[in-house]
Every structure is written in structure tokens, then in C-alpha cells.
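Trainee: Following this message is one structure expressed as C-alpha cells.
Read-outs: derived from the displayed coordinates by stated rules, not from any lab. What you see is a predicted model, and the numbers here were worked out from it, not measured in a lab.
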Amino acid sequence: MEQIDLGNSLLSGPIPESWGGMTGLLDLRLERNQLSGSRPQSFGQLTQLQGLMLDNNPLEGTVPAEWGALINLRIFSLYGTQVSGPLPPALEDIPASGYDRLRLGDR
């Protein structure tokens, strides 16, 4: 499976840690749901991931350091969440021009 689009699907609760095992995944869209809690550290295993949309969910906390392995991201959105703090250094080192879309928090 290369793409999962569950945006606006009325999902609620935490994102399952087991989803980090889908290592061939290229695009994960979970925007506009009621997903809560922290982000799975296991997502750091999704090293081929190019798109990660988590915007407009009541997520809190920081971006896990393990997500620094997601160096292929071109679309990354946490807009409309309560996620705070710095990005892992590897993600911060990707120049803004390397992203097709980068939206972080309400800042």
C-alpha cells in the first residue's frame, strides 16, 4: 500500500503505533478528524513517506525525534494542532524550498 487517505473520516482517538510498520507508505492523509494524543514514534520507520497531513486534529505535544528519519517528506502539515516545540534537526535541515507544502501549528 502506497497511499492512505482517511482525511475527514470522523476518526477519533490516538493514531495506532502499529501504522509505523507500513514501511512502503508514500502518502498518509489523516487531516480533519478528531485524532488525539501524541504522534507515534514508530512513524520514524516510514522513511519513504513523502506526504504527511495531520492538520486540524486535536494533537498535542512535540514532534518525536524519530521523525527525523522522514527526510523524503515534501508535504508536511500539522496546521490547526496543538503540536509545539522544534522539529527534529533532520527535518529542520530540509530547506523550505525542498517542501512542496510545509504548515506547522498555528504559528
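Trainee: Quick one: length gained pulling ASN72 to ASP93 fully straight, 0.36 nm per residue minus the C-alpha distance?
Mentor: Net length gain for the segment: 6.4 nm.
Trainee: Choose one answer from ASP93, ASP27, ASP55: the residue with the largest mean-square fluctuation in a GNM of the chain with alpha-carbon springs under 10 Å.
Mentor: Looking only at ASP93, ASP27, ASP55, the largest GNM fluctuation is found for ASP93.
Trainee: Sticking with this one: Among (1) -0.18, -0.72, -0.93, -1.79; (2) -0.46, -0.98, -1.11, -1.43; (3) -0.31, -0.84, -0.97, -1.38, only one was calculated for this model; which label is it, if the read-out is log10 I(q)/I(0) by the Debye sum over Cα atoms at q = 0.09, 0.17, 0.19, 0.25 Å⁻¹?
Mentor: Here log10 I(q)/I(0) by the Debye sum over Cα atoms at q = 0.09, 0.17, 0.19, 0.25 Å⁻¹ agrees with entry (1).
Trainee: Report ³J(HN,Hα) in whole Hz for each residue of region 48-65, in order, from the Karplus equation J = 6.51 cos²θ - 1.76 cosθ + 1.60 where θ = phi - 60°; Gly and Pro get x.
Mentor: Coupling constants for region 48-65: 8, 4, 10, x, 9, 10, 10, 5, 6, 10, x, 6, 9, x, 10, 7, x, 4 Hz.
Trainee: Skipping prolines and chain starts, which residues have an amide H placed within reach, meaning under 5 Å, of the one on LEU59, given they are 5 or more residues away or on another chain?
Mentor: It is GLN82, by chain and number.
Trainee: Let me check against my output: what whole-number percent is the relative contact order of the chain, with C-alpha pairs under 8 Å and at least 6 apart?
Mentor: Numbers: 271 pairs, mean separation 23.4, N = 107.
In percent, rounded to a whole number, it is 22.
Trainee: Short version: ³J(HN,Hα) in whole Hz for each residue of region 78-94, in order, from phi by Karplus 6.51 cos²θ - 1.76 cosθ + 1.60 (θ = phi - 60°), x for Gly and Pro, what are they?
Mentor: My calculation for region 78-94 gives 10, 4, x, 10, 9, 5, 9, x, x, 7, x, x, 4, 6, 5, 6, 6 Hz in order.
Trainee: For n ≥ 4 DSSP H runs only, could you compute -39500 (n - 2.57) per run for the chain, divide by its residues and tell me the 222 nm figure to the nearest 500?
Mentor: -500 deg cm²/dmol
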